[in-house]
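The values are calculated or read from the model by the stated rules, or taken from the named source; none is laboratory data. Here the structure is a predicted model, which is why all the values come from computation and not from measurement. Neighbour counts are summed over all protein chains in view; Cβ atoms, including those assigned to glycine, are modelled from backbone coordinates with ideal geometry.
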Amino acid sequence: MNILILGSGGREHAFAWKIAQSKWCDKLFVAPGNAGTADCATNVNMKVSDFTAMEKFCVENKIELVLPGGEEALVKGIYDYFLANENLKHIPVIGPSKLGAELEGSKSFAKKFMVKHKIPTAAYLEITKQNLEEGKKYLQQSSLPIVLKADGLAAGKGVVICNSHEEALQELHAMINDAKFGEASAKVVVEQFLSGIEMSVFVLTDGKNTLILPTAKDYKRVGDGDTGLNTGGMGAISPVPFATKELMQKVKTQIIEPTILGLQKDEIVYKGFIYFGLMIVGGEPFTIEYNCRMGDPETEVVMPRIENDLVELMMAVALNKIEDFTLIENQKAACTVVLAAKGYPTDAEIGEEIIIQKAEADEIIFHAGTKINAQNKMVTAGGRVLMITALEKDLNLARNKAITLANKGFFKHQLFRKDIGQDVCE
Ligand code: AMP
Ligand code: GLY
């Protein structure tokens, strides 16, 4: 079958790499893609939110499955758009309906959903201009630190952790009165700070049953030792060494199952990936966020550890047959290290020439911000440029392998964290 992936990051390259290996895949397209996806698929110059162009493309190229990599198209309602369109309704879109995507698109929606369905999460209050005075009082009485979250999508920047009450009040003012994140911060979720260790759990669901995918942990700060600015993610590992059977059983019964049942009870159509951002506090899992898609760079360690045919799994989602499948997980550990451009995450310098080093067995070089320029040279084209993934018998060996390859040097001013996975190595 012909398949279209939407996006241009390392996550989409990892999806393309995996799908290209499927016995069911004939032609594979990535819109808009990057220099790496061009190696295993055909790049298409099309915006992920241009549904009109997508309709024409899907019809002309006999597309039979669409996989949106990021949240943008999903939050904009690609699932509903396809279903309502005579030319497209036979094409499964792997993801939630527009309403389901609100689990990521609106923190307030997600919090209400969690409370309603008794899914463990941090205590919170929702604040708008209407209850600003109540909100300020709540802030003053909250213990420190205080977590403020813009309700809507804010390019990953909408969560601010404040260490004093003054800072929290200023931030609340900036978000609500000064529209710091535009419309996205007209509503703010103020949340209790949870102190623990984070991990990501992913499932693929047909809305009724789920397949739990390999666990992962990402590293969001730009610098070693989790210092510096927040980024889209500087590296990831899979599996998570502390995700014991006992912990995963709790995650399953206290978080995953109530989420799926909640979606059913609320009649929210959801046929795709759910990303549970968890905080483990004293051995107990709490949900700090839902995303309606896979993580980036987590996908770059999760996909290489799945041995099933991904197209088969996605078709099972479309046909409500995911219960017929069991996940086959590669027993090796994976580590991915992000090579970022100088200046990332604020002002990344782009246009540097890239030399792709040779990858050995169990080493995969995923592309994110890469492109071929007018002189036919591969150059950096974004903040996160390459994700260097390595698999090995254990996490320590996988880390060393990824770092050794990264150290060979891919572009002049590459930056990467040397401590991905170090905190959880046994
Ligand atoms: P989010 O955009 O919701 O993933 O939040 C970004 C980051 O903020 C998370 O990855 C956590 O590190 C942190 N965070 C969010 N909510 C909380 C919370 N309630 N307690 C502690 N840290 C949090
Ligand atoms: N790695 C974090 C995310 O994809 O949201």
- Scan of the stretch 370-396 for residues that are part of a loop (DSSP other than H, G, I, E, B), of a type outside the set (A, V, I, L, M, F, W, C) and buried (at least 19 other Cβ atoms within 10 Å of the Cβ), ordered by number: Gly382, Gly383
- Message: Checking the condition buried (at least 19 other Cβ atoms within 10 Å of the Cβ), more than 16 Å from ligand 1 (Cβ to nearest atom), under 22 Å from Gly409 (Cα atoms) and of a type in the set (A, V, I, L, M, F, W, C), which residue from Ala333, Ala340, Ala316, Ala361 passes?
- Response: Ala340
- Task: Could you please find all residues in the stretch 2-45 being within 16 Å of ligand 2 (Cβ to nearest atom) and either over 20 Å from Val302 (Cα atoms) or part of a loop (DSSP other than H, G, I, E, B) (or both)?
- Result: Ser8, Gly9
- Contact list, first residue from the stretch 189-211 and under 16 Å from Ile268 (Cα atoms), second anywhere and among the polar types (S, T, N, Q) and away from ligand 2 (no atom under 16 Å from the Cβ), beta-carbon distance below 8 Å, six or more apart or interchain, is Leu204/Thr210; Asp206/Asn320; Gly207/Gln264; Gly207/Asn320; Lys208/Gln264; Lys208/Asn320
- Please work out if Thr128 is surrounded by fewer than 15 Cβ atoms within 10 Å (Cβ to Cβ) and of a type in the set (Ser, Thr, Tyr). yes
- Only residues that are more than 16 Å from ligand 2 (Cβ to nearest atom) and either part of a strand (DSSP E or B) or surrounded by 15 or more Cβ atoms within 10 Å (Cβ to Cβ) (or both): list them for the stretch 192-203, please. Gln192, Phe193, Leu194, Gly196
- Qualifying position, being closer than 30 Å to Gly36 by Cβ and touching a residue at least 60 places away in the same chain (Cβ under 8 Å), among Ala236, Ala243: Ala236
- Query: Hey, among the residues in the stretch 20-46 that are of a type in the set (D, E, K, R) and out of contact with any strand residue (DSSP E or B) (no Cβ under 6 Å at 6 or more places or on another chain), which one's surrounded by the most Cβ atoms within 10 Å (Cβ to Cβ)?
  - Reply: Asp39
- Pairs where the first residue, in the stretch 136-148, is aliphatic (A, V, I, L, M) and the second is in a loop (DSSP other than H, G, I, E, B) and within 15 Å of ligand 1 (Cβ to nearest atom), C-beta under 7 Å, 6+ apart: Leu144/Asn163; Ile146/Phe193; Val147/Phe193
- Task: Give the residues of the stretch 209-238 that are more than 16 Å from ligand 2 (Cβ to nearest atom), part of a loop (DSSP other than H, G, I, E, B) and surrounded by 15 or more Cβ atoms within 10 Å (Cβ to Cβ), sorted by residue number.
- Result: Asn209, Asp224
- Query: What number of residues within the stretch 25-48 satisfy the criterion of being of a type in the set (S, T, N, Q) and either closer than 20 Å to Met314 by Cβ or modelled with pLDDT under 95 (or both)?
  - Reply: 2
